[in-house]
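Inspection log for the structure reproduced underneath, given as structure tokens.
The values are calculated or read from the model by the stated rules, or taken from the named source; none is laboratory data. Computed from a predicted model, the values in this text were never measured in an experiment. In this analysis, Cβ positions are derived from the backbone assuming ideal geometry, glycine residues included, and neighbour counts consider all displayed protein chains. Please note that ligands, DNA and RNA were not included when accessible areas were found on the heavy atoms of the full protein model with its side chains. Shrake-Rupley method; radii C 1.70, N 1.55, O 1.52, S 1.80 Å.
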Amino acid sequence: MKLAVLFLLAATAMPAFAPAFAQDKPLCIDASQDGRYNARPLSLHTVLTRNAFGSDRRAVKLDTTCIHVDRAAFVSLRSFTRCIAIGDDVVTNIPGGRREICRVTGVTPAADSYADAKYSYR
């Protein structure tokens, strides 16, 4: 009887905690292949990225060692593992212009959504 009551309490309480667990899920941008992510310049040294597939589409800011990420640049990511992390490659390429290969120095959740974030010259 006690086991049945505990099971019932656990089953009814679990949906209340489910959203909290979903928010704490670690960010993993799959940069193992081109086309698995969307990436674009966010500022002179920062790139904004998110997964192109799956249910987790939260945006992530990647701080980089890049000298100047132009707002017109195409951004490519290369991860040594499945998820993008510190030390992985960021490649920026301006059509008809220069190409820069740099490293990720920081991975943080973006304050804005991917669509709402604007390029900043800071």
* Asked: So what J values fall out for the range 31-37 if you push phi through Karplus, 6.51 cos²θ - 1.76 cosθ + 1.60 with θ = phi - 60°, rounded to Hz, Gly and Pro as x?
  -> 10, 6, 9, 5, x, 8, 9
* Structure fact -> If amide H atoms are modeled at 1.01 Å from N in the peptide plane, then the residues at a separation of 5 or more from ALA52, or on another chain, having amide H under 5 Å from its own are TYR37, ASN38
* Rounded to the nearest 10 Å², what accessible area does TYR114 show when all protein chains are kept and the probe is 1.4 Å? -> 30
* Which of the chymotrypsin sites (Phe, Trp or Tyr not before Pro) found in the range 48-91 are loop residues per DSSP with 16 or fewer other Cβ atoms within 10 Å of their Cβ? -> PHE53, PHE80
* What ranking of ASP88, ASP34, ASP56 comes out by heavy-atom accessible area, probe 1.4 Å, highest first? -> ASP34, ASP56, ASP88
* Asked: Short version: ³J(HN,Hα) in whole Hz for each residue of the range 68-83, in order, from phi by Karplus 6.51 cos²θ - 1.76 cosθ + 1.60 (θ = phi - 60°), x for Gly and Pro, what are they?
  -> 8, 8, 6, 5, 8, 6, 8, 10, 10, 10, 9, 10, 6, 10, 6, 8
* Asked: What nm distance separates the two modelled labels at THR108 and ASP70, each placed 7 Å from Cα along Cα→Cβ?
  -> 2.7
